[in-house]
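Read through the structure below, which is laid out as structure tokens, and then see the notes.
The values are calculated or read from the model by the stated rules, or taken from the named source; none is laboratory data. Values in this document were obtained by computation on a predicted structure and should not be read as measured data. Note: ideal-geometry Cβ built from the backbone for every residue, glycine included; neighbour counts use all protein chains shown. We work out accessible area using only protein heavy atoms, side chains counted, and drop any ligands, DNA or RNA first. Shrake-Rupley method; radii C 1.70, N 1.55, O 1.52, S 1.80 Å.
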Amino acid sequence: MEVAVLASGRGSNFQSIIDASSRGEIPNANIKLLIVNEKNAYAIERAKKHNIPHYLIESKNKKRSDFDLEMLEILHENRIDIIVLAGFMRILSTHFVNKYKNKIINIHPSLLPLFPGAHAHRETIKAGVSESGCTVHFVDDGVDTGPIIIQKSVPVNRNDTEETLANKILPLEHQIFPKALDLLTSRKLKINKGKVTIEAD
């Protein structure tokens, strides 16, 4: 399957997918292109290093519908099957999500449905919970509300800060994101009434 990655920043999850792909762990996925919405996104350097075509669509002062339309044109031209959001800091329109229904996955640094949105680590610390983690989920037209594919948890210590918690969770993101992409591109995921089931080999 042809895969497009969307990113806004450093792209460490993008790198984890590139690495897993190069190790043969995602055999049914071809990482075909990267789209970024920030010209200084380090994800661009990662794409260049691995000869992955990249596209910049700046999102400042642009209507969401226009931005999404530009992305859709690139995705259609490249016959993209699956979209991976790897630190993409922009909410997609309902129109966009419906075009790729059940074909967009995202990684989020909390155990959803707890702490959706942009400040998961801050809210986790504030809430005083004993564990956190990360979630790979399908994208629907809500904010981090789509069906959950995989989660992995870590304990939260009393002296944890946003930064230390982020540092604990990031390696787990790098483990489960490529795994979820492999399951999706191997057609092993089924969604029934908002729940994901994984089919055995």
- Kindly establish whether T161 is of a type in the set (V, I, T) and more than 30 Å from K193 (Cα to Cα). yes
- Query: Quick one: in the range 137-182, which of the residues that are among the charged types (D, E, K, R) and assigned to a loop (DSSP other than H, G, I, E, B) is nearest to E123 (Cα to Cα)?
  - Reply: D160
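I'm trying to understand the selection: among the residues of the range 65-81, which are touching a helix residue (DSSP H, G or I) at 6+ places or on another chain (Cβ under 6 Å) and exposed (fewer than 14 other Cβ atoms within 10 Å of the Cβ)? Spell out how you get there, then give the answer.
Going through the range 65-81, the residues touching a helix residue (DSSP H, G or I) at 6+ places or on another chain (Cβ under 6 Å) turn out to be 68.
Of everything in the range 65-81, nothing turns out to be touching a helix residue (DSSP H, G or I) at 6+ places or on another chain (Cβ under 6 Å) and exposed (fewer than 14 other Cβ atoms within 10 Å of the Cβ).
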- Message: Give all pairs with beta carbons closer than 7 Å in which a residue from the range 163-181 that is open to solvent by less than 10 Å² (accessible area, probe 1.4 Å) meets a residue that is small (G, A, S) and outside any helix (DSSP H, G or I); count only pairs at least 6 apart in sequence or on separate chains.
- Response: L165/S132; I169/S132; I169/G133; L181/A29
- Out of the range 27-77, which residues are in contact with a Pro (Cβ under 8 Å, 6 or more places away or on another chain) and either closer than 20 Å to N102 by Cα or among the acidic types (D, E) (or both)? K32, L33, L34
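From E25, E77, grab the single residue that is in contact (Cβ under 8 Å) with a residue 24 or more places away in the chain and of a type in the set (D, E, K, R). Step through it out loud before you land on a result.
Numbers: E77 fails: in contact (Cβ under 8 Å) with a residue 24 or more places away in the chain.
Just a single option satisfies the conditions, and that option is E25.
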- Output yes when any residue across the range 70-79 is closer than 30 Å to E199 by Cβ, at pLDDT 95 or above and not in a helix (DSSP H, G or I), and no when none is. yes
- Task: Could you please give the count of residues in the range 82-127 that are open to solvent by 60 Å² or more (accessible area, probe 1.4 Å) and in a loop (DSSP other than H, G, I, E, B)?
- Result: 9
- For residues that are of a type in the set (D, E) and open to solvent by 60 Å² or more (accessible area, probe 1.4 Å), scanning just the range 140-162, find the one that is nearest to K99 (Cα to Cα). D141
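Taking the conditions exactly as written (surrounded by fewer than 17 Cβ atoms within 10 Å (Cβ to Cβ), of a type outside the set (K, R) and either under 23 Å from I35 (Cα atoms) or touching a Pro at 6+ places or on another chain (Cβ under 6 Å) (or both)), does H137 satisfy them or not?
On the way: surrounded by fewer than 17 Cβ atoms within 10 Å (Cβ to Cβ): no; of a type outside the set (K, R): yes; either under 23 Å from I35 (Cα atoms) or touching a Pro at 6+ places or on another chain (Cβ under 6 Å) (or both): yes.
It is false that H137 is surrounded by fewer than 17 Cβ atoms within 10 Å (Cβ to Cβ), of a type outside the set (K, R) and either under 23 Å from I35 (Cα atoms) or touching a Pro at 6+ places or on another chain (Cβ under 6 Å) (or both).
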- Query: From the list I18, I44, which residue is of a type in the set (V, I, T), open to solvent by 10 Å² or more (accessible area, probe 1.4 Å), out of contact with any Asp or Glu (no Cβ under 6 Å at 6 or more places or on another chain) and farther than 19 Å from T185 by Cα?
  - Reply: I44
